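K.L.:
Have a look at the structure that comes next, please.
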Amino acid sequence: MSPSEGAPVPRVESFHDPVTGTFTHVVHAGDGTGCAVVDPVLDFDPKSGRTSTASARRVVDFVEAHGLVVEWILETHAHADHLSAARWLRERLGGRVGIGEAIMAVQSTFARLFNLGDDFPVDGSQFDHLFVPGETFTIGSLQAEAMHVPGHTPADMAYRVGDAVFVGDTIFMPDLGSARCDFPGGDARDLYRSVRRLLDLPGDTRLYLCHDYPPAARAATAHVTVGEQRAANIHLKDGIDEEAFVAMRRARDATLSMPVLILPSIQVNIRAGELPAPEDNGVRYLKVPIDAL
């Protein structure tokens with residue numbers, strides 16, 4: 001899919017959660033139009049186990065203030081660093097929750113890890129729509145395409161909307177490089193090839209990031225152009241070949257600890273943002289597997 005001449009230019013409002021470093025994006029064509037929310041955050045305190053919706057309410061306030069109609073809530077993948085607010089947002093704003101069809105492989109892996117049993121289906125049915133690679137769809141008057149970009153996980157998707165692409169965890173700001181590839185089903189070669197497909201897009205294409213963890217010298221930044229990534233990304237700029245990237249990524253990943261929120265996040269995110277059902281005392285519980293990761 002290439003942007004059509006005369007097609008509406010997507011407008012993007014980005015919300016940064018400094019606790020998890022996550023960006024949530026709202027893409028639309030102007031006030032009163034259809035929109036999509038990409039990678040919404042449900043706030044979670046790992047010390048107390050309490051959730052809150054301050055981050056998601058910022059999205060609700062923006063959508064309502066501009067008269068937008070939520071058609072899609074898009075997940076780029078099953079995040080390991082924040083809980084998804086997709087279910088909470090859908091209950092308040094409507095829309096369909098979508099993710100790539102390879103989420104089924106991720107569900108199968110983590111259903112075994114958390115021993116979720118036969119009551120947990122691993123067919124992606126928790127989501128409203130499973131995108132296949134290359135599938136096209138609409139967001140109001142905007143044309144969109146779902147791009148399969150595995151590597152960080154096997155199920156990562158990027159969503160191309162006109163000259164804007166929501167790239168998930170495929171790539172970070174140029175001074176930070178790329179995402180880890182050591183989660184189950186991740187693969188550094190796949191990530192390199194996925195990113196090169198993104199960097200083959202026109203140089204002025206806007207790449208909207210899922211995360212930024214800025215050094216003190218700059219503010220958190222929501223997007224960067226293809227041209228800027230090709231010129232300066234410390235892991236993936238032009239001239240770095242696949243073998244060099246794979247060697248760097250594998251060596252770096254071997255030094256990384258698990259994300260703080262991986263265990264609660266994955267259990268919620270493979271459920272499309274739904275918390276586990278309450279037990280007979282009315283309390284919801286998340287599992288912590290011991291010596292399993």
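Every number in this text was worked out from the coordinates using simple rules, so none of it is lab data. Worth saying up front: this structure is predicted, and the values here are computed from it rather than measured. Quick reminder, even Gly has a Cβ in these numbers, built from the backbone with ideal geometry, and neighbours come from all protein chains shown.
K.L.:
Cα gyration tensor of the chain, axes a ≥ b ≥ c as square roots of the eigenvalues: rounded (a/c below 1.5), prolate (a/b > b/c) or oblate?
P.N.:
Working: a/c = 1.55, a/b = 1.11, b/c = 1.40.
Cα axes put the chain in the oblate bin.
K.L.:
Placing +1 on the Cβ of each Lys and Arg and -1 on the Cβ of each Asp and Glu in the chain, which of 67, 224, 131 has its Cα farthest towards the positive end of the resulting dipole?
P.N.:
Projecting each Cα onto the dipole axis, the largest value belongs to 224.
K.L.:
Residue 123 to residue 277: extension gain in nm, 0.36 nm per residue of separation minus the Cα-Cα distance?
P.N.:
Gain in length upon complete extension: 53.6 nm.
K.L.:
Round to a whole angstrom and tell me the spacing of the C-alpha centers of the stretch 152-197 and the stretch 277-292.
P.N.:
31
K.L.:
Suppose every Lys and Arg Cβ carries +1 and every Asp and Glu Cβ carries -1, with no other charges. What dipole size does the chain come out with about its Cα centre, to the nearest 20 debye?
P.N.:
Magnitude of the dipole: close to 420 debye.
K.L.:
Per residue and in Å³, how big is the convex hull formed by the alpha-carbon atoms of the stretch 76-152?
P.N.:
112
K.L.:
Using a simple spin-label model with points 7 Å from Cα along the Cα→Cβ vector, what separation in nm is obtained for residue 231 and residue 254?
P.N.:
Taking the simple label geometry, residue 231 and residue 254 are separated by 3.5 nm.
K.L.:
Note the full-extension length gain between residue 57 and residue 108 as 0.36 nm times their separation in residues minus their Cα-Cα distance, in nm to one decimal.
P.N.:
Computed gain between residue 57 and residue 108 is 15.2 nm.
K.L.:
Would you mind classifying the stretch 20-162 by shape? Square roots of the alpha carbon gyration tensor eigenvalues, ordered a ≥ b ≥ c; an a/c under 1.5 is rounded, otherwise it is prolate if a/b is larger than b/c and oblate if not.
P.N.:
Judged from the Cα gyration tensor, the stretch 20-162 comes out oblate (a/c at least 1.5, b/c at or above a/b).
K.L.:
OK, next. Dividing the convex hull volume of the alpha carbon atoms of the stretch 102-246 by its residue count, what do you get in Å³ per residue?
P.N.:
129
K.L.:
Follow-up question, since we're still on this one. Counting GluC sites (Glu not before Pro) as exposed when in a DSSP loop with at most 10 other beta carbons within 10 Å, what is the longest stretch of the chain free of them?
P.N.:
6-278
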